[in-house]
Structure formats: C-alpha cells, structure tokens
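If you scroll down you'll find the structure; I have some questions about it.
The values are calculated or read from the model by the stated rules, or taken from the named source; none is laboratory data. For clarity, every value in this text was computed on a predicted model and none was experimentally measured. Here the Cβ positions follow ideal geometry from the backbone for every residue, glycine too, while neighbour counts run over all protein chains shown. Each accessible area value is taken on the protein alone, full model and side chains, heavy atoms only, with ligands, DNA and RNA left out. Shrake-Rupley method; radii C 1.70, N 1.55, O 1.52, S 1.80 Å.
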Amino acid sequence: MEKSRPLWDNPLQFVFACISYAVGLGNVWRFPYLCQTYGGGIASVVVSFFLSMYYNVINAWAFWYLFNSFQDPLPWANCPLNSNHTGYDEECAKTSSTQYFWYRKTLNISPSIDENGSIQWEQAVCLILAWLLVYLCILRGTESTGKVVYITASLPYVVLIIYLIRGLTLHGSVNGLIYMFTPKLEQLANPKTWINAATQIFFSLGLGFGSLIAFASYNKPNNNCERHAIIVSLINSSTSIFASIVTFSIYGFKATFNYENCISKVILLLTNAFDLEEGAITADNLNSMKDYLTSVYPNEYAELLPQIKNCSLEAELDTAVQGTGLAFILYSEAIKNMEVPQLYSVLYFIMLLTLGIGSMLGNITAIITPLTDSKFLSTHLPKEAISGIVCFINCIIGLVFTTKAGNYWFNIFNDYAATLSLLLIVLVETIAVCYIYGLRRFEDDLHLMLGHKPNWYWKIMWAFASPVLIISLFIFYLTDYIHTGTLQYQAWDATQGQQVTKDYPSYALAVIGLLVAASTMCIPLGALITFVMKRLKRNVSTLE
C-alpha cells in the first residue's frame with residue numbers, strides 16, 4: 001500500500017537528476033560540494049548498503065510464496081490439522097490461516113527478539129536465489145541492468161491492470177474505494193504520517209540513496225533532465241494512486257468477506273441456540289432479533305453473549321495492515337477467496353518479485369558504481385568481481401534475517417536504517433547545491449544543458465520550500481521519538497495468536513543507534529576531514 005505523497009517530489013527529483021547530468025559521474029562521490037565537503041556521497045552509499053542487507057529478504061519471501069502458489073489448495077487457504085487429527089492446529093485456530101502461514105510456516109518466528117534461533121534453510125535458499133538473480137542482472141553493468149529494468153518496470157503494470165479488472169468486479173470492492181477516498185483528518189494531523197510519506201517518496205524516487213544519480217550519470221549532458229524529472233514524478237504519483245485503487249478494491253473485498261462471514265456465524269449461533277427456524281434471522285433484521293431475544297430470553301442470551309461477536313464493516317476496514325503484512329497477509333487472504341486462486345497468486349508474487357528486483361538493481365547500482373569508478377579497485381578487480389563481492393557480502397549478512405528472530409531485525413533495519421538518514425542526506429544535498437555551490441552557478445549549468453534557465457517555480461522550491469519542509473519533517477521525527485520514549489516492537493505470541501508489544505532490549509537499541517549514526521555521521525565527519533586537510537595544505541603552503 002502506497003502512502004500519501006508530499007508535494008515537493010518534482011523539485012527534488014529535478015535537482016538530483018540535473019546534478020547527475022551536469023557532473024557526469026557515477027554518484028555524488030566526486031561532486032565536491034556534496035561529498036568532499038559534507039560526505040553526502042559516502043552517507044548515501046552507507047544507506048544503500050544497509051538497505052541491500054535486508055531488502056532482498058522481501059524477494060526471498062516472494063520466491064517462497066511463488067513456489068507455494070502452485071499447490072491446490074493453496075497452503076495458506078486452510079488451517080492444518082493438529083497432531084491427533086481431531087481439529088485445527090491450536091495456534092492457527094486462534095488467528096487465521098494466512099497469518100499462521102506467514103508467522104509459522106514462512107518465518108517460523110520466535111516469541112521475542114531475544115530468542116534468535118537457527119537459520120531457516122528454506123528462507124536461506126530463497127535468499128541465495130534472490131541474490132543470484134540480482135547478480136545475474138547486474139553482471140554486465142548498466143547496459144544489462146537497463147534492459148532488465150524495462151521488464152521489472154513494465155510487467156507490474158500488466159499485472160496491476162489484471163488485478164484492477166478483477167478487483168473492481170469483486171463483491172465489496174466499492175467499500176474499500178470509499179474508505180480510501182474518505183479523508184482521515186486525525187491521520188493528516190499526525191506528524192508520523194508525513195514522516196512515513198516522506199520516507200516513501202524517498203524510497204520510490206531514489207532520493208538520498210544515490211541510485212537516481214548513479215543511473216542518470218550515464219546519460220548525455222545535453223539530455224532534457226527537466227522534462228525527465230517531471231515525467232518520472234508524474235508517473236510515480238500516478239502509479240501510486242493506481243496501485244492504491246487496486247489495493248483498496250481488494251482490501252474492501254477482504255473486509256466485506258470477513259464482515260459477512262462474521263454475520264453468518266452470529267446468525268447460525270443464535271438460530272441453533274434458540275432453536276429458531278432457518279431464515280428467521282437475516283443480516284437485515286439481526287439487530288432487532290438481538291433485542292427481541294434479549295427481552296424474551298434474558299438469562300439464556302446473557303450466557304451466550306461472550307460468544308456473540310460484534311460484527312462491523314467499519315472495524316474491518318479500520319484494521320490496517322502495513323508493510324510486509326500488506327504484501328503477504330492481506331493479499332494472500334484475498335487471493336484464497338478468489339476463483340482460480342493459484343493463477344492470481346502466481347501473477348501477484350511474480351509482480352512483487354519484479355518490483356523487488358527492480359528496487360534492488362537501483363540500490364546495488366548506487367553501491368557498485370562509485371566502487372567501479374575508483375581507480376584503485378578498477379585496476380585490480382574487474383566489474384564482475386566487484387559486483388560479486390558486494391552481492392556475496394550482503395547475502396551472508398542477510399542470513400541473519402532468515403533466523404527465527406530475523407523478522408524483528410528486519411523491522412529494525414526497515415524502520416531505522418534509512419528514515420532519519422535520508423532526511424538529513426537530502427537536506428544537506430539540497431542546501432549544498434543551492435547555498436554552497438550556489439543557485440546561480442547551478443542555474444548557469446542548467447542553461448548550458450537545457451538551452452534555457454529554470455523558471456521561478458523551481459528556484460523557489462529548491463531554495464526555500466524543500467529545505468523548510470524537510471527541516472519540519474526532521475523536527476517532527478525527533479519530536480515523535482521523544483514522545484514515544486522507550487522504543488518498542490511487535491512480537492508474535494503463538495499462545496494468543498496475535499502480536500503483542502514489547503520493549504527493545506538494550507543491545508537492540510545499541511544497534512538502532514549505530515544504524516542511524518553510521519550514515520548520518522559521515523556528513524559532519526566528511527566536513528571535518530575536509531576542513532582539516534584544507535588547513536594543513538594552507539599551513540604547508542605558508543611555510544613554503
């Protein structure tokens with residue numbers, strides 16, 4: 001589920017695209033006002049490296065679900081029987097078949113982050129396969145990567161169109177669309193919503209990672225980066241709305257299905273308990289029948305009351321699922337109730353896999369390009385070897401996320417490895433271009449590239465609006481962190497069949513601190529080192 005988009009993605013997209021065209025380098029490494037002065041390029045590579053450590057695990061899960069999609073029935077369609085074959089597995093009976101398959105069969109998750117457990121070999125094999133696929137795609141450099149991106153970028157649209165047609169014809173899809181387009185003012189007033197939105201736009205456009213600059217740096221300097229930036233931003237925002245319509249139509253079907261199923265169970269319970277005629281209670285007269293039974297049979301109804309669920313369509317729609325839960329729980333829940341579920345399951349997880357591989361290609365390119373541009377490495381190792389080493393190191397580290405506690409560590413990296421770092425990196429890069437390199441000099445560069453100077457809108461957004469908005473988000477992030485207090489995470493309790501909130505242990509907090517510091521500290525350290533080196537050179541020249 002795509003989150004809402006901030007309004008400043010076009011200006012920032014333009015800035016970073018134009019930097020890459022103007023400089024003609026593989027990353028911001030050699031752009032003096034972004035790297036040598038502030039270490040922004042190094043910070044971008046560090047963030048990309050952290051992202052590569054864990055992001056390919058999503059592709060491993062997509063492979064796992066894809067392989068299981070060819071079974072009939074789907075393995076997450078029903079709960080397995082217990083050892084005595086007298087009923088359903090106790091953990092599955094307390095939750096749902098899709099959640100059971102995700103938490104027990106896929107993750108085999110431990111009850112807390114303190115219990116790491118062993119590596120799950122099925123997930124480890126899928127992770128190795130995902131990294132092998134990424135390596136094959138980048139083996140020949142940007143030429144082969146560009147060809148693969150054509151597939152990873154276009155195939156999801158084909159699948160989304162199929163899902164759109166199917167989703168809109170599902171019963172209850174309108175409920176999901178109404179829910180989607182109904183404003184939630186309490187959410188808009190929540191600073192965390194805008195933090196998540198900013199992080200999402202940075203991920204989707206590659207801002208702060210260096211992938212956008214790495215890819216665009218291979219284009220000719222006279223390309224119209226202004227037009228490309230606008231097109232990419234419009235496509236990005238349009239795709240978000242399009243994908244959201246598909247998602248919420250399926251979400252509405254799932255919520256309506258659960259709501260009607262709840263109503264049916266209540267009707268059956270009341271009919272059997274009070275020995276009523278079949279059809280005496282319907283969905284339309286359920287509330288009035290409840291009032292009637294309460295007045296006529298008060299004692300019997302009071303005893304039965306704990307078993308009567310309070311069915312609510314609004315409550316079902318409010319049960320939001322985000323992140324991996326959306327991709328693997330909500331969609332698999334809806335798919336199992338469709339006709340020919342294997343077909344839609346295969347299509348969906350192929351789409352998810354292509355999206356994940358496409359994201360990985362851009363992220364890995366942001367790491368490999370500055371390494372291959374290094375004269376020291378390029379003279380001793382071929383590009384294929386450098387790419388292989390990077391993929392191998394990330395794959396080995398990624399095995400941590402295939403342990404029983406791996407999902408908890410995955411969430412730590414997903415929540416803290418990039419959020420604050422991206423805000424700071426993009427802020428520094430924008431300020432460096434506008435105020436250190438100079439907006440006039442940058443404007444002259446664009447004049448040479450485009451044949452005309454950028455209009456007032458771009459300059460206002462670059463120099464004022466974007467920095468102010470990013471600083472505001474930065475303040476919101478710190479405020480939210482202070483108000484939150486002790487950092488917590490959601491652990492899976494098998495005895496209850498649901499997630500419970502627990503505090504992060506001290507060593508997990510230390511890892512979180514290192515993740516944030518490792519990238520953000522590159523910027524002040526880069527500035528300090530540059531300052532010291534310039535002072536030393538100045539002193540040496542003075543002595544001479």
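Label-point separation (nm) for D373 and S112, each offset 7 Å from Cα along Cα-to-Cβ?
4.7
To the nearest 10 degrees, how steep is helix 9-23 against the longest Cα principal axis of the chain, on a 0 to 90 scale?
30
Using r as the Cβ-Cβ distance of Q496 and A518, and R0 as 22 Å, what FRET efficiency do you calculate, to the nearest 0.05?
0.05
Oh, and also: Through the Karplus equation 6.51 cos²θ - 1.76 cosθ + 1.60, θ set to phi - 60°, convert the phi angles of segment 193-199 into ³J(HN,Hα) values in whole Hz; use x for Gly and Pro.
Ordered by residue, 3J(HN,Hα) equals 4, 6, 5, 5, 5, 5, 4 Hz.
Suppose each label sits 7 Å from its Cα in the direction of the beta carbon; what would the I151-T486 distance come out to in nanometres?
5.0
Same structure, new question: Counting Lys and Arg as +1 and Asp and Glu as -1, each charge on the Cβ, what is the dipole of segment 477-544 about the Cα centre in debye, to the nearest 20?
540
If the chain between I393 and D72 were fully stretched, how many nm would it gain, using 0.36 nm times the residue separation less the Cα-Cα distance?
Here the answer is 111.8 nm.
Right, another one. What FRET efficiency would be calculated for the residue pair V174, T239, taking the C-beta separation as r and a Förster radius of 25 Å, to the nearest 0.05?
Between V174 and T239 the formula returns 0.65.
Using each residue's phi in segment 341-351, evaluate 6.51 cos²θ - 1.76 cosθ + 1.60 at θ = phi - 60° and report the 3J(HN,Hα) Karplus result to the nearest Hz, with x for Gly and Pro.
Working through the residues one at a time gives x, 4, 4, 5, 5, 4, 4, 5, 6, 5, 4 Hz.
Here's another thing I want to ask about it. With the cut-off at 23 Å, report for segment 245-335 the share of all Cα pairs above it, as a whole percent.
Value for segment 245-335 (Cα pairs over 23 Å): 37 percent.
Starting from the coordinates of the alpha-carbon atoms of segment 457-544, obtain the Kirkwood hydrodynamic radius over all distinct pairs and give the value in Å to one decimal.
Final number for the Kirkwood radius of segment 457-544 is 17.9 Å.
Let's see if you can work this out: charge +1 on each Lys and Arg Cβ, -1 on each Asp and Glu Cβ, no other charges. What is the dipole magnitude of segment 317-424 about its Cα centre, in debye to the nearest 20?
300
Need the full-extension length gain, W456 to H85, defined as separation in residues times 0.36 nm minus the C-alpha distance. One decimal, nm.
126.3 nm
Tally up the carbon and sulfur contribution to the accessible surface of the chain as a whole percent, 1.4 Å probe, everything protein left in place.
Accessible surface attributable to carbon and sulfur in the chain totals 62 percent.
Out of Y54, L268, L107, whose Cα points farthest toward the positive end of the dipole of the chain (charges: +1 Lys, Arg; -1 Asp, Glu; placed on Cβ)?
Of Y54, L268, L107, it is Y54.
The chain: D in µm²/s via Stokes-Einstein (Kirkwood Rh, Cα pairs, 20 °C, 1.002 mPa s)?
Rounded, D is 83 µm²/s.
What FRET efficiency comes out for the pair A197/A93, r = Cβ-Cβ distance, R0 = 45 Å, nearest 0.05?
The computed FRET efficiency comes out at 0.75.
Using only Cα atoms, tell me the angle between helix 522-543 and the longest principal axis of the chain; keep it within 0 to 90° and round to the nearest 10.
10
Here's something else I'd like to know. Using 0.36 nm times the number of residues separating E186 and L129, minus their current alpha carbon distance, what extension gain do you get?
Roughly 16.2 nm would be gained on extension.
Still on this structure, please answer the following. Would you mind checking K192/K309; K105/K336; K192/K502 for any pair whose Cα atoms are more than 23 angstrom apart?
Distance filter (> 23 Å) returns K192/K309.
Here's a follow-up. Hey, quick one: spin label on N219, modelled 7 Å out along Cα-Cβ, who in segment 424-449 has an amide N within reach, i.e. under 14 Å?
Under 14 Å, as judged by backbone N against the label point of N219, lie 446, 449 of segment 424-449.
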